[in-house]
1. Just name the residue that is modelled with the highest pLDDT out of those in the range 7-26 that are aliphatic (A, V, I, L, M) and loosely packed, with under 11 Cβ neighbours inside 10 Å.
2. Taking the condition of being among the charged types (D, E, K, R) and in contact with a Gly (Cβ under 7 Å, 6 or more places away or on another chain), how many residues in the range 48-92 meet it?
3. Can you tell me how many residues within the range 49-62 are surrounded by 12 or more Cβ atoms within 10 Å (Cβ to Cβ) and within 19 Å of V19 (Cβ to Cβ)?
Amino acid sequence: LVLSGALASHSTLAQSGGVQRTDLVHQGLSANGYETLQVRVDFDEKAFAPNHAHPGEEIAHVLKGTLEYRLDGKAPVTLQAGESLFIPAGVA
């Protein structure tokens, strides 16, 4: 899974059981006060991330396997390898 987004501020998520995060790109943008962050997140089989939100938009892209994602109480979306999902700012 690769996540990227434009953020007003950067906060690092703690590594949790079965989840490994690797920062790939962290760069200021031409829009004053904004930056972009691209990370790779590897999940062990059956691992999950707790419900949370980010201050900026995100794009999730599945490199291999499948990922079930839930956006603000909507029905879960299952992404297959090669598929992407746009996640609006502040959406949990």
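1. The selected residue is V25.
2. Matching residues across the range 48-92 total 2.
3. Total meeting the criteria: 8.
Per-residue answers, yes or no, for (1) surrounded by 12 or more Cβ atoms within 10 Å (Cβ to Cβ); (2) more than 11 Å from the chain's Cα centre (by Cα); (3) in contact (Cβ under 8 Å) with a residue 12 or more places away in the chain; (4) closer than 20 Å to G17 by Cα:
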residue	(1), (2), (3), (4)
N32	no, yes, no, no
R40	yes, no, yes, yes
T66	no, yes, yes, yes
Q80	no, yes, yes, no
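The values are calculated or read from the model by the stated rules, or taken from the named source; none is laboratory data. These numbers come from a predicted model, not from an experiment. Ideal geometry is used to build each Cβ from the backbone, glycine not excepted, and the neighbour counts take in all protein chains shown.
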